[in-house]
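Enquirer: To start, I am sharing the structure in question, which I have written as structure tokens.
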Amino acid sequence: MMEFRHTSVLLEESINALAIRPEGIYLDGTLGGAGHSSQIAKRLTTGLLIGVDRDPVALEAAKERLAPYSQRVRLVHSNFREINSILSSLQIAQVDGILLDLGVSSPQLDDGSRGFSYMADAPLDMRMNKEDTLSAYDVVNTWPREELRRILFAYGEERYAPQIAAAIERRRQDKPIETTLELVDVIRGAMPPQALREKQHPAKRSFQAIRIAVNDELAAVDQVMQDAIPHLAPGGRLAVITFHSLEDRIVKNAMQEAARGCTCPPGFPVCVCGKKPMVKLVTRKPIVSQNGELRNNPRARSAKLRVCEKV
């Protein structure tokens, strides 16, 4: 098993956004290698950090990195979408900050054996949590062609989704598609020559789509955005880093909706809906990586940070 090393994206910006108080309670819902969490924990005195990750490999790496702060850290093996049950089990009603760094982590991509990468040959897997039952093998070999076309287009924004889905269906009729490079070969064969000449790897969008489907990522983001805000204490902040437009749209819309007040029609003389804003937007536009970070970590190029504060 390879060592879990991850370069945290927008590290300084996200830590500043949380406005950490030494006595506060903070939840990192995407613990990873604990790059963000170690910076939170070092700022705490009597406070508490709750670190959550669905990947046991990440949790083990984080446990080692957070060892100097173990007295003020609780690690939880779970999906961040379970924030209600996580906080209930710890008998915590409100927290002072929540951080979510969405998507797949660098170690998951770089560990070819896990099947996330289209650059290394490995069994089709893509599970962030090996205890989950659904794998990329199941999606590719058992889902109907129309469902494959839908996820490739919706989650990967792949314009050749119909051709790729049809090619997958044809190939698997002869024998199952078992490895990442077998799938890459099918995808390449389904795309026209001009698409293969593009700078971006031809399988990138399809692999993203299948990974999102395997891990039910967008539904998890939607759910945590609905459940996280009520758990913030007044003045508490929610900071979310996204890496593609589908995630960012969910986060942006959820924050804007939570920041809305009265929804009565403009002609009403008085408010009858009684709706009050739950948060105020700290960032009207997303924070993005600057040139220095991009030079050191090209994967930060698509990262966007959005922040809101409980009122």
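The values are calculated or read from the model by the stated rules, or taken from the named source; none is laboratory data. Here the structure is a predicted model, which means the values were calculated and not measured. Cβ placement follows ideal geometry from the backbone for every residue including glycine, while neighbour counts extend to all protein chains displayed. Side chains included, ligands, DNA and RNA excluded: accessible areas come from the protein's heavy atoms. Shrake-Rupley method; radii C 1.70, N 1.55, O 1.52, S 1.80 Å.
Enquirer: Please list, ordered by first then second residue, the pairs with beta carbon atoms under 8 Å, 6 or more apart or interchain, first in the stretch 163-174 and free of Cβ contacts under 8 Å to residues at least 24 places away in the same chain, second acidic (Asp, Glu) and exposed (fewer than 14 other Cβ atoms within 10 Å of the Cβ).
Expert: Sorted first by the residue in the stretch 163-174, then by its partner, the pairs are 165/146.
Enquirer: Condition first: crowded, with 24+ Cβ neighbours inside 10 Å and outside any loop (DSSP other than H, G, I, E, B). Now tell me which residues in the stretch 26-50 satisfy that.
Expert: 26, 27, 28, 36, 37, 40, 41, 49
Enquirer: Can you find a residue that is closer than 23 Å to residue 248 by Cα and of a type in the set (S, T, N, Q) anywhere in the stretch 180-201?
Expert: Checking the stretch 180-201: at least one residue is closer than 23 Å to residue 248 by Cα and of a type in the set (S, T, N, Q).
Enquirer: What are the residues in the stretch 92-128 that are of a type in the set (Ser, Thr, Tyr) and touching a helix residue (DSSP H, G or I) at 6+ places or on another chain (Cβ under 6 Å), if any?
Expert: Quick first cut of the stretch 92-128, residues of a type in the set (Ser, Thr, Tyr) only: 105-106, 113, 117-118.
Those that are of a type in the set (Ser, Thr, Tyr) and touching a helix residue (DSSP H, G or I) at 6+ places or on another chain (Cβ under 6 Å): 117, 118.
Enquirer: Going through the stretch 51-60 one residue at a time, which ones are in a loop (DSSP other than H, G, I, E, B) and either touching a Leu at 6+ places or on another chain (Cβ under 9 Å) or farther than 16 Å from residue 81 by Cα (or both)? Working first, answer last.
Expert: Filtering the stretch 51-60 down to residues in a loop (DSSP other than H, G, I, E, B) leaves 54-55.
Correct list: 55 only.
Enquirer: Scan the stretch 250-276 for residues that are surrounded by 14 or more Cβ atoms within 10 Å (Cβ to Cβ) and part of a loop (DSSP other than H, G, I, E, B) and jot them down. Explain how you work it out, then say what you get.
Expert: Step one: list which residues in the stretch 250-276 are surrounded by 14 or more Cβ atoms within 10 Å (Cβ to Cβ), which gives 250-252, 254-259, 262, 264.
Passing the criteria: 262, 264.
Enquirer: Further, regarding this structure: Conditions: (1) surrounded by fewer than 16 Cβ atoms within 10 Å (Cβ to Cβ); (2) modelled with pLDDT of 95 or more; (3) in a helix (DSSP H, G or I). Residue 247 meets all but one. Number of the miss?
Expert: Just one mismatch for residue 247, condition (1).
Enquirer: Within the stretch 230-240, take every residue that is out of contact with any Lys or Arg (no Cβ under 7 Å at 6 or more places or on another chain) and open to solvent by less than 30 Å² (accessible area, probe 1.4 Å) and give me the one that is nearest to residue 16 (Cα to Cα). Give the steps one after another, and end with the answer.
Expert: Within the stretch 230-240, the subset out of contact with any Lys or Arg (no Cβ under 7 Å at 6 or more places or on another chain) is 230-231, 237-239.
Among the residues that remain, those that are also open to solvent by less than 30 Å² (accessible area, probe 1.4 Å) are: 238-239.
Details: 238: 12, 239: 10 Å.
This residue is 239.
Enquirer: Of everything in the stretch 77-94, what is open to solvent by 30 Å² or more (accessible area, probe 1.4 Å) and either free of Cβ contacts under 8 Å to residues at least 40 places away in the same chain or of a type in the set (D, E, K, R) (or both)? Give them in sequence order.
Expert: Selection gives 77, 81, 82, 85, 88, 89, 91.
Enquirer: Out of the stretch 1-46, which residues are β-branched (Val, Ile, Thr) and at pLDDT below 95?
Expert: First pass over the stretch 1-46, keeping only residues β-branched (Val, Ile, Thr): 7, 9, 15, 20, 25, 30, 40, 45-46.
Residues satisfying the conditions are 7, 9.
Enquirer: Which pairs do you get when a residue that is over 13 Å from residue 28 (Cβ atoms), found in the stretch 42-63, comes within reach of a residue that is crowded, with 22+ Cβ neighbours inside 10 Å and of a type in the set (D, E, K, R), reach meaning Cβ atoms under 7 angstrom, with the pair 6+ apart or on two chains?
Expert: none
Enquirer: Could you tell me how many of the residues in the stretch 170-223 are under 13 Å from residue 124 (Cβ atoms) and part of a helix (DSSP H, G or I)?
Expert: Matching residues across the stretch 170-223 total 16.
Enquirer: For the stretch 247-305, what are the residues that are among the polar types (S, T, N, Q) and either in contact with a helix residue (DSSP H, G or I) (Cβ under 7 Å, 6 or more places away or on another chain) or over 23 Å from residue 17 (Cα atoms) (or both)? Explain how you work it out, then say what you get.
Expert: Let us first name the residues in the stretch 247-305 that are among the polar types (S, T, N, Q), namely 253, 256, 263, 283, 289-291, 296-297, 302.
263, 289 - these are the residues of the stretch 247-305 that are among the polar types (S, T, N, Q) and either in contact with a helix residue (DSSP H, G or I) (Cβ under 7 Å, 6 or more places away or on another chain) or over 23 Å from residue 17 (Cα atoms) (or both).
Enquirer: Only one residue in 124, 109, 100 is in contact with a strand residue (DSSP E or B) (Cβ under 7 Å, 6 or more places away or on another chain) and within 27 Å of residue 14 (Cα to Cα). Which one?
Expert: Details: 124 fails: within 27 Å of residue 14 (Cα to Cα); 109 fails: in contact with a strand residue (DSSP E or B) (Cβ under 7 Å, 6 or more places away or on another chain).
On inspection, the qualifying residue turns out to be 100.
Enquirer: I've got another one for you. With the condition being open to solvent by 20 Å² or more (accessible area, probe 1.4 Å) and modelled with pLDDT of 95 or more, I'd like the helices (runs of 4 or more DSSP H) fully within the stretch 95-165 carrying at least 2 qualifying residues.
Expert: Numbers: elements: 106-110, 136-142, 145-156.
Those helices (runs of 4 or more DSSP H) span 136-142, 145-156.
Enquirer: Same structure again: Looking at residue 13, is it open to solvent by 10 Å² or more (accessible area, probe 1.4 Å), within 22 Å of residue 282 (Cα to Cα) and in contact (Cβ under 8 Å) with a residue 12 or more places away in the chain? Even if it seems obvious, please write down each step before you answer.
Expert: On the way: open to solvent by 10 Å² or more (accessible area, probe 1.4 Å): yes; within 22 Å of residue 282 (Cα to Cα): yes; in contact (Cβ under 8 Å) with a residue 12 or more places away in the chain: yes.
Yes; evaluated as a whole, the condition is true for this residue.
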